[in-house]
Amino acid sequence: MNESTPSARVPRDGVRIVDSADVADTARIGAGSSIWHLAQVREDAELGSDCIVGRGAYVGTGVHMGDGCKVQNYALVYEPAELAEGVFVGPAAVFTNDHRPRAVNPDLSPKSAEDWEPVGVTCRQGASIGARAVCVAPVTIGEWAMVAAGSTVTRDVPPYALVAGVPARRLAWVGRSGEKLQPAADGTDSWVCPSTGEWYVADEATGGLRLASDAVPSPAGGATDMDIHDQGEDEGAWTSR
């Protein structure tokens, strides 16, 4: 975030709340978190430590955010969304909360809060949602998965998947670094991160991947001793800040 803070409040534990932000008295804001211009954080929302809520963003009533989350400018996170640690929500992304949105009932009487049951989007640890993506509740975005900018997610995204499109479909696998994984050359159903050397294997329980090991050092140290195949240029769009 590169915004100036001419009138920021720093009330406790390094929490920074710009005066133009609207933060409910019952919201709980973790140490070191920042809430920027014109953002709104509703009643009973809970933000972990070192979170960022960008300009004009909305965090709904009772939304829970783990430590280190970033909700970028003008993103809309409607209740009852759940964000684990380290989740990135890109600019103008939207988390919906209504299966059957209507302004009125069949008799044209106005709908009230009692006329519907909100459902929330769940983001697991390290997941990233690209700019202007829409996540349709009650989808779950698996840990370290990545949703490309402009996508519409209508079904669960498995861990470490890169999805894109309308509706979003898996294009590739990504590692914790955000780099696209490449298949190991040893013939096993394994995947390797070209930047960290971490290995990943299929996880039947989730339909995604799981981290198998940290980087495998070469006998002399340094780079990994396993070759990986080149898959060419990255497909699709990535997230945007």
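Just so you know, all these numbers are worked out from the coordinates, no wet-lab data involved. Just so we're clear, the structure is a prediction, and the values are computed from it rather than from any experiment. When we count neighbours, we look across all protein chains shown, and the Cβ atoms used for this are built from the backbone with ideal geometry, even at glycine.
Neighbour counts of C-beta atoms inside 10 Å place Ser33, Ser195 in the sequence Ser195, Ser33, starting with the fewest.
You can think of it this way: the chain between Ser20 and Asp115 has 30.9 nm of extra reach, that is 0.36 nm per residue less the Cα-Cα gap. Sequentially through the stretch 181-198, phi angles give Karplus couplings (6.51, -1.76, 1.60; θ = phi - 60°) of 6, 10, x, 5, 8, 8, x, 7, 7, 10, 9, 10, 7, x, 9, 10, x, 5 Hz, Gly and Pro residues having no value and appearing as x.
Taking the charge dipole of the stretch 7-174 about its Cα centre, with +1 at Lys and Arg Cβ atoms and -1 at Asp and Glu Cβ atoms, the residue from Pro101, Ile52, Phe88 reaching farthest to the positive side is Phe88.
First obtain the Kirkwood hydrodynamic radius of the stretch 1-144 from its Cα pairs, then insert it into the Stokes-Einstein equation at 4 °C and 1.567 mPa s, and state the resulting D in µm² per second as a whole number. Estimated via Stokes-Einstein, D reaches 84 µm²/s.
Beta-bridge orientation, the stretch 7-174: approximately 15 percent antiparallel, per DSSP, counting only bridges with both partners inside. Scanning residues 5 or more positions from Asp203 or on other chains, those with amide H under 5 Å from its amide H are Gly208, Leu209, Arg210, with H placed 1.01 Å from N in the peptide plane.
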